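Below: the structure, in structure tokens.
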Amino acid sequence: DVLVRRAVSHAIDKKAIVNGLYAGLAEVAVGPLPPNVFAAHPKLSDFDYDQELARELLQEAGYPEGFETTLWTMAGPRPYMPQPMRVAQVIQSDLAAVGIHARIISFEWGTYLDRVHRGHHDMALLGWQADNGDPDNFLFVHFDKSAAVPPAGNIAFYRDERVHELLLAGQRTVTPADRLPYYLEAQEIIHRDVPMVPLVYTQKMIAHRNAFGPLTVEPVTHPLLRLVETPVDGRLTFVRGTDSVKLDPATVTDGESSKVVEQIYDNLIRFAPGTATIEPALATAWTRSDDGRTWTFTIREGVTFHDGTPLDAAAVVNAFERQRDPSHPHHFEEHQYAYWLDLFAFVEKVEVGEVPMTVVFRCSDPAPPFFLQELAVFAMGIPSPAALEKHGA
């Protein structure tokens, strides 16, 4: 009931969360796009903290005495939420004041992710760090109906046909000025329907010893440890919130896993340090057809995997086809992989090109304007086919 969701929004004191639990290093969130992301709606009005209005909305919805529910939270700190249990407790208290009695449920990170992606929760805390800096990466992943399929990025399981049409149009339109109206309208509908309560936009920080510089705050990746100057003893200690869930780039969906995956695997292309601009990596060059449906990448010569096997076009094809095709022998789960489903559903096939050391992506629709940035995302790292064959999942 949208009235209940609006009541929840008005019941939560976001300013108290920012001031008390983020030391002021965040700001109150209004919409699903942070203000520094292209197409963030400048005129959305927040659901102000108003518990009396929340009670009125609950009464109008038929819950004059409130109701009981659950609020799920992660057990350990996240880059976007350093004190998740305390945030949950503040929200629990705010909701109780208007008659919504939420029991807090928590699991270790891997179990938590699996369960919320499968919709076991009533309400759940979660956050997001941009994979490529494009509005599609926030809006499509979290609000498109096609992402409301377990394991779902859209953990509200929100489905709106008009939002779906707008987000597809945004993917298929190249010029930023032409894309903008689609994303503005989509945000207005999402804001009206309140599938989630945006809490905070956080600042991104990194602390390190001077001897290990230079390290910059990466806008769309985790710290690039390949840039660290070699320590005297050849080792470096990196502190993170919790352990990895997985180390297979195709199946990773959480930040703690991707922090490690980004250090292990190379992509066809990558983000230049400190920017969202792409540069060559395992691919040295690329071309696209006039209709945007065929992309050809030239693979770097003389590269080997850690296990000593050579990188060739077939290995690159294997990395993508195992994600696209659930019947592929290296596709180790029953369902489509989450990142492939969210980012690459337009790719019909990836195959070895006619010229040696080339790989061709064939698309059902013109690739979106952020296609190259998507190829730089950690989930598109290239693993050794021999290692996949030897170790399986």
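Accessible area per residue for the stretch 348-393, computed on protein heavy atoms with a 1.4 Å probe, is 42 Å². Accessible surface comparison of 298, 221, 287, probe 1.4 Å, protein chains only, largest first: the order is 287, 298, 221.
Considering all C-alpha pairs of the chain, those separated by over 31 Å amount to 40%.
Extending 7 Å from Cα along the Cβ direction at residue 120 and again at residue 52 yields two label points whose distance is 4.2 nm. The accessible surface of the stretch 260-386, taken with every protein chain in place and a 1.4 Å probe, is 52 percent carbon and sulfur. Across 5 Å bins from the origin, how do the percents of Cα pairs in the stretch 1-125 run, short distances first? Going out from 0 Å in 5 Å bins, the stretch 1-125 shows 2, 10, 17, 20, 21, 18, 9, 2, 0 percent. Spin-label model, residue 70 to residue 161: label points 7 Å out along the Cα-to-beta-carbon direction sit 3.3 nm apart. Compared with the dominant principal axis of the Cα atoms in the chain, helix 161-172 is inclined by about 30°. In the chain, taking the dipole from charged Cβ atoms about the Cα centre, the farthest positive-side position among 200, 350, 251 is held by 200.
The chymotrypsin sites (Phe, Trp or Tyr not before Pro) found in the stretch 84-158 that occupy coil by DSSP, while having at most 13 further C-beta atoms within 10 Å, are 157. Return the calculated 222 nm mean residue ellipticity for the chain, to the nearest 500 deg cm²/dmol, obtained by summing -39500 (n - 2.57) across DSSP H runs with n ≥ 4 and dividing by the residue count. Value at 222 nm, helices only, nearest 500: -9500 deg cm²/dmol. When +1 charges are put on Lys and Arg Cβ atoms and -1 charges on Asp and Glu Cβ atoms, the dipole computed for the stretch 235-327 relative to its Cα centre reaches about 180 debye.
Rounded to the nearest 20, the Cβ-based charge dipole of the stretch 55-126 about its Cα centre (Lys and Arg +1, Asp and Glu -1) stands at 320 debye. For the stretch 1-68, the Cα-based Rg and Dmax, in that order, read 14.2, 42 Å. Would you please give the FRET efficiency between residue 355 and residue 235, computed as 1/(1 + (r/R0)^6) with r the Cβ-Cβ distance and R0 = 51 Å, to the nearest 0.05? Rounded to the nearest 0.05, the efficiency is 0.75. A viscosity of 0.692 mPa s and a temperature of 37 °C, combined with the Kirkwood radius over C-alpha pairs in the Stokes-Einstein formula, give the stretch 130-258 a diffusion coefficient of 187 µm²/s. Separation of the alpha carbons by more than 29 angstrom is noted, of 145/349; 15/43; 204/349; 145/390; 43/349, for 204/349; 145/390; 43/349. Take the alpha carbon gyration tensor of the stretch 252-370, find the square roots of its eigenvalues, order them as a ≥ b ≥ c, and report rounded if a/c is under 1.5; if not, report prolate when a/b exceeds b/c, else oblate. Because its axes are fairly even, with a/c under 1.5, the stretch 252-370 counts as rounded.
With unit charges on the beta carbon (Lys/Arg positive, Asp/Glu negative), name the residue among 77, 363, 191 whose Cα is farthest towards the positive pole of the charge dipole of the chain. Positive-most Cα among the choices belongs to 77.
Rounded to the nearest 20, the Cβ-based charge dipole of the chain about its Cα centre (Lys and Arg +1, Asp and Glu -1) stands at 680 debye.
For the stretch 44-113, the share of accessible area belonging to carbon and sulfur comes to 48 percent (1.4 Å probe, ligands and nucleic acids excluded).
Which residue, 310, 232, 213, has the largest displacement toward the positive end of the dipole of the chain when charges sit on each Cβ (Lys, Arg +1; Asp, Glu -1)? In the chain, that residue is 232. If you run the Gaussian network model on the chain, springs between alpha carbon atoms under 10 Å, then out of 376, 211, 148 the most flexible one is 211.
Counted without the sites themselves, the longest stretch of the chain free of trypsin sites (Lys or Arg not before Pro) in a DSSP loop having at most 10 other beta carbon atoms within 10 Å is 44-234. Of all segments of the chain bounded by GluC sites (Glu not before Pro) found in a DSSP loop with no more than 11 other C-beta atoms within 10 Å, the longest spans 66-228. Taking all protein chains into account, the per residue accessible area for the stretch 115-199 stands at 40 Å² (1.4 Å probe). Across the stretch 323-393, Cα pairs under 8 Å and at least six residues apart give a relative contact order of 25 percent. Within the listed set 327, 364, 289, the Gaussian network model of the chain (springs between alpha-carbon atoms below 10 Å) gives the highest mean-square fluctuation for 289.
Of the residues 320, 212, 378, the one that moves most in a GNM of the chain with alpha-carbon contacts below 10 Å is 212. Taking every alpha-carbon pair under 8 Å whose residues sit at least 6 apart, the chain reaches a relative contact order of 14 percent. Dividing the mean sequence gap of close Cα pairs (under 8 Å, 6+ apart) by how many residues the stretch 266-381 holds gives a relative contact order of 32 percent.
The values are calculated or read from the model by the stated rules, or taken from the named source; none is laboratory data. The model shown is predicted, which means the values in this text are computed figures rather than measured ones. Ideal geometry is used to build each Cβ from the backbone, glycine not excepted, and the neighbour counts take in all protein chains shown. Side chains are part of the model used for accessible areas, which takes the heavy atoms of the whole protein and leaves out ligands, DNA and RNA. Shrake-Rupley method; radii C 1.70, N 1.55, O 1.52, S 1.80 Å.
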